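Here's the structure we're looking at; comments come further down.
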Protein chains: 2
Amino acid sequence: MKTDIEIARSVELDKIKKVACNVGIPVDEVENYGRYIAKVPVHLINEDKVKNSNLILVTAITPTKAGIGKTTVSIGLALGLNKIGKKAIVALREPSLGPCFGMKGGAAGGGYAQVLPMENINLHFTGDFHAITSAHNMITALLDNYLYQNQASGFGLKDILWKRVLDVNDRTLRDIVTGIGGKANGITREAGFDITPASEIMAILCLARDLKDLRRRIENILLGYTYNDKPFTVKDLGVAGAITVLLKDTIHPNLVQTTENTAAFVHGGPFANIAHGCNSIVATKMAMSFGDYVITEAGFGADLGAEKFFNIKCRKSGLQPKLTVIVATAQGLKMHGGVSLDKIKEPNLNGLCEGLKNLDKHINNIRSFHQNVVVAFNKYSTDSEEEIAMVREYCEWAGVGFAVNNAFAQGGEGAVELAELVARTIQEKPSAPLTFTYKDEDSVPEKIEKVAKNIYGAKMVTFSSQANKMLKLIKDMGISDYPICIAKTQYSFSADDKAYGVATDFELHIRDIVINNGAEMIVAIAGDIMRMPGLPKDPQATRIDIVNGFIDGLS
Amino acid sequence: MKTDIEIARSVELDKIKKVACNVGIPVDEVENYGRYIAKVPVHLINEDKVKNSNLILVTAITPTKAGIGKTTVSIGLALGLNKIGKKAIVALREPSLGPCFGMKGGAAGGGYAQVLPMENINLHFTGDFHAITSAHNMITALLDNYLYQNQASGFGLKDILWKRVLDVNDRTLRDIVTGIGGKANGITREAGFDITPASEIMAILCLARDLKDLRRRIENILLGYTYNDKPFTVKDLGVAGAITVLLKDTIHPNLVQTTENTAAFVHGGPFANIAHGCNSIVATKMAMSFGDYVITEAGFGADLGAEKFFNIKCRKSGLQPKLTVIVATAQGLKMHGGVSLDKIKEPNLNGLCEGLKNLDKHINNIRSFHQNVVVAFNKYSTDSEEEIAMVREYCEWAGVGFAVNNAFAQGGEGAVELAELVARTIQEKPSAPLTFTYKDEDSVPEKIEKVAKNIYGAKMVTFSSQANKMLKLIKDMGISDYPICIAKTQYSFSADDKAYGVATDFELHIRDIVINNGAEMIVAIAGDIMRMPGLPKDPQATRIDIVNGFIDGLS
């Protein structure tokens, strides 16, 4: 089979205005970024159409080193639905340069289920990430300058809570000391960088209704505390307007196309392990304004992305998905069943059976939101018929739909079974309105405990003294009604990235808490998770190149 | 009179493909970035046409707090030449977000001589700066990771010469310590950020012939030295391909339009005080491929931008300008004549006369390159007839052309006198081939001395021990044939930013030397100049906002 990039190149792309026209987007409103990428202005969201569109969430079992292909299934499902005559649009997150050049090498689907032009989407795209990086660091520069210029007047901040960001995997920037080398270089202090997908501004972009709401949220960003224990915000710094100006184009969703020339929105890109992991609300709503079926994806396993999709994104936007699709693979399930990475391509029914416990836990979790579930078995060429049959039987036993997805190898044709199951399930038994894991009025520790116990399966939650200090601040600020966003390893239900399968009886330790007062959520950092990843010994960057005018190494 | 932004908004913009079509650029080749911005592929450069086009450099007297309006004159001259029936295109540098949000608030011309859409040009534009920032910091992350991953094998670098960059004014990032907080956070070391316009990658972009040449230069970037005193480059790191992929779109010049809908290229943006200060060679050549007259600008005073334009850009590209225009203002000259900032709007013939010494020195400097000179007197509403007459008389005495430019208030109509003078001068006495200030085969200290003495007027040059250490490395590497790029304050011929007028008898101290082995030049840092600027007490960012859907505070 051809590589992802060979397939991407073999597709004859439609001009993006044609793609827009095909789903009824007024082409005069479409702003081109090159021939095949466009921004669609946010004012085209039609709330009536949003109400009548069928939203489908695609999530997955706990990821392993085997890979899952959640984005591929999401795109494949959209292709399959279009294939059976439904008007379907997929809404995805934008890839980050950090993982693209670090571990993964790209995040635009795979095989015959990709969003295109994949090179541009994986690289600078429409500049949204860069604008967020700029805006975030501009605030920090203005804040440090404020402290520096006002030091003679005795002004200062007791605590500085705002960091910097870069869209790169760089462990050496996690903890740094800035302002050394003499007094002209500012005030010396401890500081640090997160990766751009962890920026509060990324979360704000993904949760904002429009530019006005974005500005309001930028104003509210908490930068630190004065010596009188007063919160100090971007509004206090007097630069909310300037920061909004830097972000003015980011609010408009990005339109691209699939390998079968159907419309796809790719907009916003927080990770689900260190942030809330969903594409923007405006992109989902834009897709729903022009599509009868909209497939959206939440990052990593359902304990991370799906939980945050429901408890944060749906809670804040009022979105009501009709169905949740959980992606599982035989290889992934086998790893959860104790099979080692080098053996996962061999048939192993015992290992697979054991691994089904991971899927089972995720299904129960999704059902706790009152969502109906369908399992998409994402087929790899090494999967045996017996393995597929075992997962199918399990799903019958569990009372959830099951379909094999083979869009990677066959495009929309390979997702017809899944598409028909999804369409039928939505028609026959659409999900009830969402039930959330916690209520707005629960305290922040209660919210964290409810997610940790009822979704992760933790026995108890402990808080560091730093976390407790932040909990007190949250109470003092009167913002306990915000939803919570737990940052945790994606490789386990617990905070221990070696605990595959279904971790039980564990203690979840909250190391730190970050107040996202503009995004209106509380980020609780569990275990050792880092909001700035590192690079592996052999980074993907060493395999990326331009050969004969074509890009190699992005997939 | 209307503000810059009001004027910008009042102009009815042509679609960018129409602008391209008007000068003969094949519209199918034009890649839109929105309706009014495009990239024009670098392969459209036509070297035969480049040879026959008339290149005009616009430079200036030493800048003061009074401002000069060099970009406004450059654009105005293009408008004026078009007005008198010549096919003229202007090629300018891209603005940097640092100064836009710091001191200046924008850099796209002013009044009725602007490039448009000015908001986009002043903000993220086509993402060139962001791509450079990404590429630069990606190299650093990969380098730090290489050191971290290989520490057990005893590998390391004795000296690390590569920093990070951000497009922001942030003094606290000048000198930092990275990799603190434990062993998992990498190797602790001293590090720092420059502003993106000082990135060697910016210089590479501005000097590269095409993408292949860009890749070759990226490979050659010197990152540090091994313990065996061997140079360690991006090629050694194995990531030149990946970095070129990040930069693949940046090489294509950006096309926009003037306030009178004529074509303008805006591409590359090094500052002339901390870098070489010229727009890209490819943008200049692209403009010359489609325009009979091409106006290009070099940053700050002629001692900085023009010197580097001739000794670096023209030397490396073979470009031969037909004429140099020096922009002078009455207010600026008065400041050089000792008049204080609060008095420069009042007529003061004595101060003006004294200030003419600054202009005189610049004229002689430009003549040392065998360039013919025309002085463009950039008119402000407060200038008196007597003042204008005095500058005119001086120019007659000095034997250089003189014309008043009023394009700020009147657009192309206000630059007809200047345009006619420029066209006539080029026709009647085009400049002789360039003579450079130093030869390739001069040693680096000799090159620095020649520029310091013959252009700046220094008595002597001294080198710090750090600079001497770098000079030895340069000798050992066999790269003494590179041209030099002196980083120096823009406010004086000397390195003392308080020494207005014509500084004499001064010592120029070279504090540090940076090897730009990819850009193929040696950066010598003189005096206190910082390659990462700071923000003022009252930054422009506090005045930037969106009001009724329109951006305020960029001008």
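The values are calculated or read from the model by the stated rules, or taken from the named source; none is laboratory data. All of these numbers come straight from a predicted model, not from anything done at the bench. Positions of Cβ are backbone-derived with ideal geometry, glycine not excepted, and every protein chain shown enters the neighbour counts.
Looking only at the stretch A:117-132, residues that are touching a His at 6+ places or on another chain (Cβ under 7 Å) and either closer than 20 Å to B:Ile139 by Cα or outside any helix (DSSP H, G or I) (or both) come to 3 in all.
Residues in the stretch A:12-26 that are surrounded by 15 or more Cβ atoms within 10 Å (Cβ to Cβ) and either of a type in the set (Phe, Trp, Tyr) or assigned to a helix (DSSP H, G or I) (or both): 6 in all.
Screening B:Asn350 on (1) among the polar types (S, T, N, Q); (2) surrounded by 24 or more Cβ atoms within 10 Å (Cβ to Cβ); (3) assigned to a helix (DSSP H, G or I) shows it passes everything except condition (2). Where strands (runs of 3 or more DSSP E) sit wholly within the stretch A:191-293, those with at least 2 residues that are hydrophobic (A, V, I, L, M, F, W, C) and under 24 Å from A:Val30 (Cα atoms) occupy A:254-258, A:263-266. Scanning the stretch B:179-191 for residues being of a type in the set (S, T, N, Q) and within 7 Å of another protein chain (Cβ to nearest Cβ) gives a total of 1. Within the stretch B:166-178, identify whether any single residue is under 26 Å from B:Tyr33 (Cα atoms), more than 8 Å from chain A (Cβ to nearest Cβ) and in a loop (DSSP other than H, G, I, E, B), and answer yes or no. No.
Within the stretch B:150-158, the presence of at least one residue that is over 17 Å from A:Thr172 (Cβ atoms), in contact with a Ser or Thr (Cβ under 9 Å, 6 or more places away or on another chain), at pLDDT below 95 and not assigned by TED's automatic domain parsing to the domain that holds B:Thr296 is confirmed.
For the stretch A:119-134, indicate whether the set of residues that are more than 10 Å from every other protein chain (Cβ to nearest Cβ) and either farther than 28 Å from B:Phe193 by Cα or surrounded by 23 or more Cβ atoms within 10 Å (Cβ to Cβ) (or both) is non-empty. Within the stretch A:119-134 (the criterion being more than 10 Å from every other protein chain (Cβ to nearest Cβ) and either farther than 28 Å from B:Phe193 by Cα or surrounded by 23 or more Cβ atoms within 10 Å (Cβ to Cβ) (or both)), the answer is yes, since at least one residue qualifies. Working only within the stretch B:454-493, note down all residues that are touching a Gly at 6+ places or on another chain (Cβ under 9 Å) and part of a helix (DSSP H, G or I). Of everything in the stretch B:454-493, nothing turns out to be touching a Gly at 6+ places or on another chain (Cβ under 9 Å) and part of a helix (DSSP H, G or I).
Would you mind finding the one in A:Asp496, A:Asp538 that is within 14 Å of chain B (Cβ to nearest Cβ), without any contact (Cβ under 8 Å) to a residue 40 or more places away in the chain, in a loop (DSSP other than H, G, I, E, B) and on the phi < 0 side of the Ramachandran plot?
Numbers: A:Asp496 fails: within 14 Å of chain B (Cβ to nearest Cβ).
Being within 14 Å of chain B (Cβ to nearest Cβ), without any contact (Cβ under 8 Å) to a residue 40 or more places away in the chain, in a loop (DSSP other than H, G, I, E, B) and on the phi < 0 side of the Ramachandran plot holds for just one of A:Asp496, A:Asp538, which is A:Asp538.
Scanning the stretch B:311-321 for residues that are in contact with a Ser or Thr (Cβ under 9 Å, 6 or more places away or on another chain) and over 10 Å from B:Pro483 (Cβ atoms) returns B:Ser317, B:Leu319, B:Gln320, B:Pro321.
Tell me whether the stretch B:247-257 contains one or more residues that are more than 19 Å from the chain's Cα centre (by Cα) and under 28 Å from B:Val404 (Cα atoms). Yes: one or more hits. Per this entry, A:Glu441 is not counted among residues that are part of a helix (DSSP H, G or I) and over 21 Å from A:Ala275 (Cβ atoms).
A quick yes/no check of all residues on (1) touching a residue at least 60 places away in the same chain (Cβ under 8 Å); (2) touching a Gly at 6+ places or on another chain (Cβ under 7 Å); (3) closer than 19 Å to B:Asp128 by Cβ; (4) assigned by TED's automatic domain parsing to the domain that holds B:Leu319:
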position	(1), (2), (3), (4)
B:Tyr146	yes, no, no, no
B:Lys163	no, yes, no, no
B:Gly182	no, no, no, no
B:Ala203	yes, no, yes, no
B:Leu211	yes, no, yes, no
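Take the residues in the stretch A:107-116 that are of a type in the set (Gly, Ala, Ser) and in a loop (DSSP other than H, G, I, E, B); name whichever of them is farthest from the other protein chains (Cβ to nearest Cβ). Explain how you work it out, then say what you get.
Our first condition is that a residue be of a type in the set (Gly, Ala, Ser); within the stretch A:107-116, this holds for A:107-111, A:113.
Applying the additional criterion that residues be in a loop (DSSP other than H, G, I, E, B) yields A:107-108, A:111.
Values: A:Ala107: 16, A:Ala108: 15, A:Gly111: 22 Å.
Within the stretch A:107-116, the match that is farthest from the other protein chains (Cβ to nearest Cβ) is A:Gly111.
Can you tell me which residue among B:Leu246, B:Leu205, B:Leu211, B:Leu237 is out of contact with any strand residue (DSSP E or B) (no Cβ under 9 Å at 6 or more places or on another chain), within 14 Å of another protein chain (Cβ to nearest Cβ) and at negative phi? Give the derivation first.
Values: B:Leu205 fails: within 14 Å of another protein chain (Cβ to nearest Cβ); B:Leu211 fails: out of contact with any strand residue (DSSP E or B) (no Cβ under 9 Å at 6 or more places or on another chain); B:Leu237 fails: out of contact with any strand residue (DSSP E or B) (no Cβ under 9 Å at 6 or more places or on another chain).
Within the list B:Leu246, B:Leu205, B:Leu211, B:Leu237, the selection yields B:Leu246.
For every residue, the table says whether it meets (1) in the same structural domain as A:Leu97 (by TED's automatic domain parsing); (2) among the basic types (Lys, Arg); (3) within 25 Å of the chain's Cα centre (by Cα).
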| residue | (1), (2), (3) |
| --- | --- |
| A:Ile448 | no, no, yes |
| A:Ala452 | no, no, yes |
| A:Asp481 | no, no, yes |
| A:Lys498 | no, yes, yes |
| A:Gly501 | no, no, yes |
| A:Leu508 | no, no, yes |
| A:Met521 | no, no, yes |
| A:Thr542 | no, no, no |
| A:Phe550 | no, no, no |
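Being touching a residue at least 40 places away in the same chain (Cβ under 8 Å), touching an Asp or Glu at 6+ places or on another chain (Cβ under 6 Å) and buried (at least 17 other Cβ atoms within 10 Å of the Cβ), is that true of even one residue in the stretch A:376-392? No: the stretch A:376-392 contains no residue that is touching a residue at least 40 places away in the same chain (Cβ under 8 Å), touching an Asp or Glu at 6+ places or on another chain (Cβ under 6 Å) and buried (at least 17 other Cβ atoms within 10 Å of the Cβ). The one condition from (1) in contact with a Gly (Cβ under 7 Å, 6 or more places away or on another chain); (2) more than 28 Å from B:Ala8 (Cα to Cα); (3) crowded, with 24+ Cβ neighbours inside 10 Å that B:Phe232 does not meet is (3).
Out of the stretch B:138-187, which residues are surrounded by fewer than 18 Cβ atoms within 10 Å (Cβ to Cβ) and of a type in the set (Asp, Glu)? Within the stretch B:138-187, just B:Asp159 meets the criteria. If the condition is being more than 30 Å from B:Arg174 (Cα to Cα) and of a type outside the set (Lys, Arg), then the stretch B:77-98 contributes B:Leu77, B:Ala78, B:Leu79, B:Gly80, B:Leu81, B:Asn82, B:Ile84, B:Gly85, B:Ala88, B:Ile89, B:Val90, B:Ala91.
Checking each residue in the stretch B:43-81 for being surrounded by fewer than 23 Cβ atoms within 10 Å (Cβ to Cβ) and assigned to a helix (DSSP H, G or I) picks out B:His43, B:Leu44, B:Glu47, B:Asp48, B:Lys49, B:Val50, B:Lys51, B:Asn52. Examine the stretch A:143-151 for a residue that is aromatic (Phe, Trp, Tyr) and away from chain B (no Cβ under 12 Å), and state whether such a residue exists. No, because not a single residue in the stretch A:143-151 is aromatic (Phe, Trp, Tyr) and away from chain B (no Cβ under 12 Å).
Can you tell me which residue is farthest from B:Ser555 (Cα to Cα) among those in the stretch B:89-106 that are part of a helix (DSSP H, G or I) and within 12 Å of another protein chain (Cβ to nearest Cβ)?
First, pick out the residues of the stretch B:89-106 that are part of a helix (DSSP H, G or I): B:97-101.
Right, trim to within 12 Å of another protein chain (Cβ to nearest Cβ) and you get B:97-98, B:100-101.
Details: B:Leu97: 13, B:Gly98: 14, B:Cys100: 9, B:Phe101: 11 Å.
If we take residues in the stretch B:89-106 being part of a helix (DSSP H, G or I) and within 12 Å of another protein chain (Cβ to nearest Cβ), then B:Gly98 is farthest from B:Ser555 (Cα to Cα).
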